[in-house]
Amino acid sequence: MASPLRLRVLGSGAGGGLPQWNCGCPPCRAARAGDPRVPCRTQSSLAVSADGGVRWVLLNASPDVRVQLASWPAAAPGPGKLRASPIAATVLTNADLDHCLGLLVLREGGAPHLYGTAPVFEAIEVGLGVLTALGAYGPTKSTVLPTDGAELSICDRDGVDTGVRIEAFSVASKVPPYAAARGLGRGRGELEGDTVGLLVKSAAGGRVLAYVPGVRDLDERLAGYLARAGVLFIDGTFFTNDEMTALGLTTRDARTMGHAPLSGSAGIVEFLGRFPAAERWLVHINNTNPIHFSDGAERAWVESRGVRVSYDGLELEL
């Protein structure tokens, strides 16, 4: 029987997590040293359930998914079960490596039912061979997510309804570098399914969740979708547009990398001020972002505007 939506943040970090294996930026140094102000973060993923936690749907499958599930008692096989999992399905918001490589970790006995847009499936199969690889380990099932406003019932691999309802909508971001290198997405508009946001709810009703871990353009189209949600989990990747370039780590700014910055007059925090009635959380936080410091000025600025910073293991009931 369907119940209000439950949510768990499996990972709140961006690609590479915190600390990133090869990075010596201030947050990475602090996390590596065990500084309590800067807890470690695994790579971005949420889990939602609409049946009281009997079955769960992953929103993205990060490379850290084995650790995320192994450290979460609710994800273990039930009593007396030799091989079983409450993970019924996975829904991808894009084909970025930090969102899809975990599918290969979930290969034993056949992966959970996989949902993604046609461009996302093209990227992970042509670019990475993920679907072919999964099929070699057991039965698999994949379903294309529509982006035309249609609401989809999320089912497990046997076609049993989980009670989770999802509506996907395209957002402007970027094609993953490995896919762009193969020419995938060339000539396609940026609002044609390479990256989507999700509206998620339970068949039983309750508040709607908006999950948008990657977005560059904060436009009226996006605002229209977010206005329908009571809980927002949105891109918190970079604090400033020049965060990475100022550190000398790249020549690309935040927007070029597909992410609107948090700060500034056209930033995500100001944009979120349009939804004061919603519970607003940041997710997919890059290792370089100064909001990792719980006592820092940047964290205080974000929180003073009613926006919260999510963390691994956060649980909510909608």
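The values are calculated or read from the model by the stated rules, or taken from the named source; none is laboratory data. No experiment lies behind these values; they were computed from the predicted model shown. Every residue, glycine among them, receives a Cβ derived from its backbone with ideal geometry; neighbour counts consider all protein chains shown.
Here Asp158 fulfils each of the conditions (1) in a helix (DSSP H, G or I); (2) over 30 Å from Ser310 (Cβ atoms) apart from (1).
Strands (runs of 3 or more DSSP E) fully within region 59-144 that include at least 1 residues being surrounded by fewer than 17 Cβ atoms within 10 Å (Cβ to Cβ): 142-144. Scanning region 54-84 for residues that are among the hydrophobic types (A, V, I, L, M, F, W, C) and out of contact with any strand residue (DSSP E or B) (no Cβ under 6 Å at 6 or more places or on another chain) yields Val54, Val65, Val67, Leu69, Ala70, Trp72, Ala74, Ala75, Ala76, Leu82, Ala84. Is it the case, given these coordinates, that Arg165 is of a type outside the set (Ser, Thr, Tyr), under 26 Å from Ser3 (Cβ atoms) and either touching a residue at least 12 places away in the same chain (Cβ under 8 Å) or touching a His at 6+ places or on another chain (Cβ under 8 Å) (or both)? Criteria met by Arg165. Among the residues of region 266-307, those identified as in a helix (DSSP H, G or I), surrounded by 17 or more Cβ atoms within 10 Å (Cβ to Cβ) and hydrophobic (A, V, I, L, M, F, W, C) are Ile268, Val269, Phe271, Leu272, Ile291, Val302. When region 161-183 is examined, which residues are found to be part of a loop (DSSP other than H, G, I, E, B) and out of contact with any Asp or Glu (no Cβ under 6 Å at 6 or more places or on another chain)? Across region 161-183, the qualifying residues are Val171, Ser173, Lys174, Arg182, Gly183. Taking region 203-243 as the range and being crowded, with 21+ Cβ neighbours inside 10 Å, of a type outside the set (D, E, K, R) and farther than 23 Å from Leu316 by Cβ as the test, the residues that pass are Leu218, Phe238, Phe239, Asn241.
Could you list, in sequence order, the residues of region 13-57 that are assigned to a strand (DSSP E or B) and under 13 Å from the mean Cα position of the chain (by Cα)? Once the filter is applied, which keeps residues that are assigned to a strand (DSSP E or B) and under 13 Å from the mean Cα position of the chain (by Cα), region 13-57 yields Gly13, Gln43, Ser45, Leu46, Ala47, Val48, Val57. Filtering region 244-259 to residues that are crowded, with 17+ Cβ neighbours inside 10 Å, without any contact (Cβ under 8 Å) to a residue 24 or more places away in the chain and either hydrophobic (A, V, I, L, M, F, W, C) or touching a Pro at 6+ places or on another chain (Cβ under 7 Å) (or both) leaves only Ala254.
Here Val120 passes the criteria (1) over 18 Å from Leu198 (Cβ atoms); (2) in contact with an Asp or Glu (Cβ under 8 Å, 6 or more places away or on another chain) except the one numbered (1). Taking region 1-46 as the range and being in contact with a Ser or Thr (Cβ under 7 Å, 6 or more places away or on another chain), closer than 22 Å to Ala297 by Cα and of a type in the set (A, V, I, L, M, F, W, C) as the test, the residues that pass are Ala14, Cys25.
Filtering region 168-210 to residues that are at pLDDT 85 or above, in contact with a helix residue (DSSP H, G or I) (Cβ under 8 Å, 6 or more places away or on another chain) and charged (D, E, K, R) leaves only Asp194.
Take Thr147 and decide whether it is touching a residue at least 40 places away in the same chain (Cβ under 8 Å), outside any helix (DSSP H, G or I), closer than 22 Å to Ser85 by Cβ and among the polar types (S, T, N, Q). So Thr147 fails the test. Restricting attention to region 85-131, the residues that are under 18 Å from Ala75 (Cβ atoms) and among the small types (Gly, Ala, Ser) total 7. Checked against (1) under 25 Å from Met257 (Cβ atoms); (2) of a type in the set (A, V, I, L, M); (3) under 19 Å from the mean Cα position of the chain (by Cα), Val208 passes all but a single condition, namely (1).
Selection of region 278-318 for residues being closer than 22 Å to Thr93 by Cβ and hydrophobic (A, V, I, L, M, F, W, C) yields Ala278, Trp281, Leu282, Val283, Ile285, Ile291, Val307, Val309, Leu314, Leu316, Leu318. Identify all residues within region 292-307 that are within 19 Å of Val212 (Cβ to Cβ) and in contact with a Leu (Cβ under 7 Å, 6 or more places away or on another chain); write none if there are none. Matches in region 292-307: Val302, Val307.
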